[in-house]
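The values are calculated or read from the model by the stated rules, or taken from the named source; none is laboratory data. Fair warning: this is a prediction, and the values are worked out from it, not measured in the lab. All Cβ positions, glycine included, derive from the backbone under ideal geometry; neighbour counts span all protein chains shown. Heads up: the accessible areas ignore ligands, DNA and RNA and are worked out on the full protein's heavy atoms, side chains in. Shrake-Rupley method; radii C 1.70, N 1.55, O 1.52, S 1.80 Å.
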Amino acid sequence: MTKEPVKLLEDEGLTFLTCMQCGTCTGSCPSGRYTSLNTRRIVLSARRNKDVYHDENLWMCTTCYQCQERCPRGIKIVDGILALRTESVHMGLMLPDHRKVAGLVVDKGHAVPINDANKEKRKELGMDELPETVHKYPEALDQVKKLLEVTGFVQLVLEEEKDKSEEGQ
Amino acid sequence: MKPVSLFLGCIIPNRYPGIEKATKLVLDGLDIDWADLAGASCCPAPGVFRSFDKVTWLTLAARNIVLSEQMDRDVLTICNGCFGSLTDANHELKHDPAMTKQVNKHLAEVDMKYKGSAEVRHIIEFLSKEIGPEKIHDAVQHPLDLKVALHYGCHLIKPSKERDLGTVENPVFFDELVEALGATSVDYEDKMACCGAGGGVRSALLDKSLEMADAKLQHIAEAGVDCIVNACPFCHLQLDFGQVEIKDKYGHEYSIPVLHYSQLLAIAMGHSPEDVGVDLNFITDDGFIDRLRG
């Protein structure tokens, strides 16, 4: 059951209800200068209805925190946007490229895994071909995979893939 | 100063290994007690993972922090994304016992337990607070007479509630570290603006992300600098490889070399530009590399 945004934010110790719509957030937003992201409108919309979960502008925020730092009411705007995104993802809405990045961490333990070109660069610099990360330690990668299973993350990513493929049929 | 473990993240070891090497040379050169954080994973990336599932984000971050706790070392990051993710996760876990209990229930599956005994540091604030610009200046063997466009990046300083680094509007601690090497930090329009990469924007909405980077590069080009210096490999990638993408998409050519501060410091301490992989960037400039050599 999808939560009302106001309730969701409250549960996270956040509120958008004290917003006076001054627009400092929108005026401070580096993304909003080039994209359709209007932070003030997101804050307004989240007070009113669940449509905000479907708003693609949620994903145009670079999480630079400039709006949150400058908000005269001290509203934790970015923390709120992240909470709204999470609910949106749990409703099955995830951008295709984000699903790929999630899959890379599930498979490799890194969002940006090593490749042949960079193994070469490492050797050229006199370094080991693989860094001291999960790339070098399979048992460490197994731990990461286990954790992604027990938190339900693997299922979250895979289930949505299934939903998506059904939509496509 | 508590000993540190070096948290590499993803982009540095897997895309810009010169920054990893430079960092290790610098830590050795400054006699800082550091060790590899063997078996660490993605921090995980805050823009996507924190947006997907909070408990997963906290659990993977906690595992990385626990690896460092087990070594009785603080975590030293060299990336704003890793610093942001691990700092914010550490802060959440330290202040939310119910969440920590939930995360520890998951960690028990791999015989781990989060205690909250390690701090998360970023190399820039670490060098600024623990070593200081004066001692950094003393370590310089080869002063760098360069005009530098400094890019702090967002998550080094924000959200400020979980950092202790002063103003987010006009910080100076990073500029002081650059100027300690003999360089000049040049002001430019919207210096504190985001590079456009974070929050999952670069990974899913590349065009929009590059428009932000293009504006940033335009302002930097107008200031007439020798190079850009950053504190984060994701900003580094956006401003270095991004120049190639921007040239392809919009025909705007900047050709401004980009260095992580670890690389600049290592060169000032006497290492060659090739030692720290400056020539392995996408934007390379032989004339500039010769100037770095002195």
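Some points to look at:
- The set of residues from segment B:78-119 being open to solvent by 10 Å² or more (accessible area, probe 1.4 Å), in contact with a Phe, Trp or Tyr (Cβ under 9 Å, 6 or more places away or on another chain) and among the β-branched types (V, I, T) comprises just one member, B:T100.
- Restricted to segment A:88-115, and to residues there that are in a helix (DSSP H, G or I) and at the interface with another protein chain (Cβ under 7 Å from one of its Cβ atoms), the residue that is farthest from B:L60 (Cα to Cα) is A:D97.
- Yes/no for B:K94 being assigned to a helix (DSSP H, G or I) and either within 11 Å of chain A (Cβ to nearest Cβ) or touching a Cys at 6+ places or on another chain (Cβ under 9 Å) (or both): no
- Selection within segment A:62-87: residues that are assigned to a loop (DSSP other than H, G, I, E, B) and under 22 Å from B:H155 (Cβ atoms). The member of this set that is most open to solvent (accessible area, probe 1.4 Å) is A:K76.
- Residue in segment A:141-153 that is of a type in the set (S, T, N, Q), part of a loop (DSSP other than H, G, I, E, B), at the interface with chain B (Cβ under 7 Å from one of its Cβ atoms) and touching a Ser or Thr at 6+ places or on another chain (Cβ under 8 Å) present: yes
Yes/no matrix, rows are residues, columns are (1) modelled with pLDDT under 95; (2) in contact with a Cys (Cβ under 8 Å, 6 or more places away or on another chain); (3) assigned to a loop (DSSP other than H, G, I, E, B); (4) under 26 Å from B:F282 (Cα atoms):
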site	(1), (2), (3), (4)
B:G9	no, yes, yes, yes
B:I12	no, yes, no, yes
B:V26	no, no, no, yes
B:A35	no, no, no, no
B:A38	no, no, yes, no
B:L60	no, yes, no, no
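- Applying a threshold of 9 Å to beta carbon distances and a minimum spacing of six or more residues, or different chains, the list of pairs starting in segment B:278-289 at a residue that is more than 16 Å from B:Y261 (Cα to Cα) and surrounded by fewer than 17 Cβ atoms within 10 Å (Cβ to Cβ) and ending at one that is of a type in the set (D, E, K, R) and at pLDDT 95 or above reads B:F282/B:D240; B:D286/B:D279.
- Among all positions in segment B:125-143, there is no residue which is outside any helix (DSSP H, G or I), in contact with a His (Cβ under 7 Å, 6 or more places away or on another chain) and not small (G, A, S).
- Counting only residues that are more than 7 Å from chain A (Cβ to nearest Cβ) and surrounded by 24 or more Cβ atoms within 10 Å (Cβ to Cβ), segment B:21-45 holds 4 of them.
- Set side by side, the residues B:A223, B:A197, B:A213 differ, and just one is open to solvent by less than 60 Å² (accessible area, probe 1.4 Å), within 27 Å of B:P273 (Cα to Cα), within 20 Å of the chain's Cα centre (by Cα) and touching a residue at least 40 places away in the same chain (Cβ under 8 Å), which is B:A197.
- Among the conditions (1) closer than 29 Å to A:V78 by Cα; (2) in a loop (DSSP other than H, G, I, E, B); (3) more than 17 Å from the chain's Cα centre (by Cα), the only one that B:T56 does not satisfy is (2).
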